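The values are calculated or read from the model by the stated rules, or taken from the named source; none is laboratory data. This is a predicted model, so every value here is computed, not measured. Using ideal geometry, Cβ is built from the backbone for each residue, glycine included, and neighbour counts are taken over all protein chains shown. What goes into the accessible areas is simple: the full protein's heavy atoms, side chains included, and nothing from ligands, DNA or RNA. Shrake-Rupley method; radii C 1.70, N 1.55, O 1.52, S 1.80 Å.
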Amino acid sequence: MKSLQIKNLHKRPIGVFDSGIGGLTVARALFEILPNENIIYLGDTARLPYGTKSKETVILYSIECLKFLLSKKVKMIVVACNTASSFAVPFLQKITKIPVIGVLIPGSEAAVNMTKNNKIGLIGTLGTVKSLSYKKAIIRLNKKAEVFSQACSLFVQLAEDGWTDNKIAELTAKEYLTDISKKGIDTMILGCTHYPILKNTISKVIGKNIKLIDSGEETAKKVNIILQEKKLLNTQKKKGEHRFFVTDFPNNFHQIAERFLGKKIHNVKQVKL
Ligand code: DGL
């Protein structure tokens, strides 16, 4: 493993990428669990959304995101996008020797551990749901599990516009989630980076008895474990530095990003992939 013999590899940043802004929910979880890590976030805002694109396109875009992060000399890559995780992670893992982890496996593992009746709901983008990747990962972990899925495309726009707790959000959630919530599921995976922002509304509509799994939080826990196992944790005492790159500047990037992160951000640069 050539790259793992690099001197002071542990001091390098963690690279995180998403199709745009949603992956900041994963970044936020990483900031909390790993406060001393330097983190580089790339949002491919010029080509958002990935959720409606073909598998081939998502793989191609993901490879470009990976190469950008590798050029920044990161020690690990987190694919903070469910659609890219569903389609591209095995391809990305072949390109580099540093650890590459998506949100799919940690989210699936958490759901399998949480369910008592083996009936699991999955909501995500059209791409994620159609890929069946969560379903396959869950069944691999628990053969008895049944997975019920629903694509909730409009949730992405609602989250970006900050319409998370209003009547439109509630009506949209009712329209998407009423059927799936009647399937007897006791656990539901928020299989899209934007959905944790709508957690309260989703929970209100489906009822408190269905437990929600935030793939972002689960992924951050897994990143911590992998870094410990590989002795790659940054041992610095000071707080980690967070840098943000985007492929296009949506007008309100700052506003949305600060809402997703719950903190002010400064280091945002536009880049070409
Ligand atoms: N980041 C995407 C995901 O988690 C949602 C937004 C998009 O469709 O690009 O699937």
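A few notes on this one:
- If you go through the stretch 119-156 and keep only what is β-branched (Val, Ile, Thr), part of a strand (DSSP E or B) and either crowded, with 24+ Cβ neighbours inside 10 Å or free of Cβ contacts under 8 Å to residues at least 12 places away in the same chain (or both), you end up with 120, 123.
- Every residue from the stretch 95-111 that is crowded, with 20+ Cβ neighbours inside 10 Å, among the hydrophobic types (A, V, I, L, M, F, W, C) and part of a helix (DSSP H, G or I): 104, 105, 110, 111
- Taking the stretch 205-233 as the range and being open to solvent by 80 Å² or more (accessible area, probe 1.4 Å) and on the phi > 0 side of the Ramachandran plot as the test, only 231 passes.
- Complete set of residues in the stretch 59-88 that are among the β-branched types (Val, Ile, Thr) and either open to solvent by 70 Å² or more (accessible area, probe 1.4 Å) or more than 13 Å from the ligand (Cβ to nearest atom) (or both): 59, 63, 74, 77
- Subset of the stretch 25-48 that is near the ligand (Cβ under 10 Å from one of its atoms) and within 16 Å of residue 256 (Cβ to Cβ) - its residue that is surrounded by the fewest Cβ atoms within 10 Å (Cβ to Cβ): 45
- Taken together, the residues in the stretch 234-269 that are open to solvent by 100 Å² or more (accessible area, probe 1.4 Å) and either more than 26 Å from residue 106 (Cβ to Cβ) or aromatic (Phe, Trp, Tyr) (or both) amount to 7.
- Inside the stretch 49-58, residues that are assigned to a helix (DSSP H, G or I), open to solvent by less than 40 Å² (accessible area, probe 1.4 Å) and either touching an Asp or Glu at 6+ places or on another chain (Cβ under 9 Å) or over 18 Å from residue 192 (Cβ atoms) (or both) make up a count of 0.
- Within the span defined as the stretch 237-245, every residue fails to be assigned to a loop (DSSP other than H, G, I, E, B) and within 20 Å of residue 157 (Cβ to Cβ).
- The combined condition, being more than 13 Å from the ligand (Cβ to nearest atom) and either touching a Phe, Trp or Tyr at 6+ places or on another chain (Cβ under 9 Å) or assigned to a helix (DSSP H, G or I) (or both), is not fulfilled by residue 21.
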